[in-house]
1. Among L137, L157, which is of a type outside the set (K, R), closer than 12 Å to G83 by Cβ and modelled with pLDDT of 85 or more?
2. Among (1) in contact (Cβ under 8 Å) with a residue 60 or more places away in the chain; (2) buried (at least 19 other Cβ atoms within 10 Å of the Cβ), which single condition is L13 missing?
3. Restricting the search to region 121-132, which residues are modelled with pLDDT of 90 or more and closer than 20 Å to T82 by Cα?
4. If only one of D114, D138 is over 25 Å from I33 (Cα atoms) and in contact with a Pro (Cβ under 6 Å, 6 or more places away or on another chain), which one is it?
5. Being surrounded by fewer than 16 Cβ atoms within 10 Å (Cβ to Cβ) and in a loop (DSSP other than H, G, I, E, B) is the filter here, so list the residues in region 37-53 that pass it.
6. Would you check if there is a residue in region 93-106 being surrounded by fewer than 20 Cβ atoms within 10 Å (Cβ to Cβ) and among the β-branched types (V, I, T)?
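The values are calculated or read from the model by the stated rules, or taken from the named source; none is laboratory data. Computed from a predicted structure; not experimentally measured. Don't worry about glycine lacking a Cβ; one is built from the backbone with ideal geometry, like all the others, and counts go over all protein chains shown.
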Amino acid sequence: MAEGFRKYAVLALRLSLGWIFLWAGAEKIYLEITTGQLATAGYLQFAVRGPFAEFFQSLSGNVIVDALLVWGLTLVGISLITGLFVRMSSVAGALIMLSMYLSAFPPEHNPLMDEHIAYIVSFAVLASFKAGRFAGLDQIVTGVKSLRGRPWITRILG
């Protein structure tokens, strides 16, 4: 019973985070298409604060940084929803959340903790529980005969 509950709880976490990230990325892509402005420019220029503010402000207007964030959010979302390359996308998602955490450090309402840290912990759970192997495409990929016994596939998929 407990094993089944864990699988469904991790699946719910994976799908929830996937939807949050897919929506955030798709929304930013849509805004960039309709307005012609980089999604990150306003935030990086005016909203960052703390000891790393100067560094993050220097990234404002950089199309590569913008593409990494916008497409990173979108691809992490797609990966989590489909359950394909979940470990790799969990690392990417945690790095995105860490950069957002550092861009506004310290958190406004708490000396250390905010939602970005909770997201990072959630990604750590997904990466460590082989979350894509239950109701996900990682299970199919790991079953492909030509990939069995290859250590690099296990590291990527979990």
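1. After ruling out the rest, the residue left standing is L137.
2. L13 satisfies all of (1) in contact (Cβ under 8 Å) with a residue 60 or more places away in the chain; (2) buried (at least 19 other Cβ atoms within 10 Å of the Cβ) except (2).
3. S122, F123, A124, V125, L126, A127, S128, F129, A131, G132 - these are the residues of region 121-132 that are modelled with pLDDT of 90 or more and closer than 20 Å to T82 by Cα.
4. Selected residue: D114, the only one of D114, D138 that is over 25 Å from I33 (Cα atoms) and in contact with a Pro (Cβ under 6 Å, 6 or more places away or on another chain).
5. Passing the criteria: Q37, G50, P51, F52.
6. no
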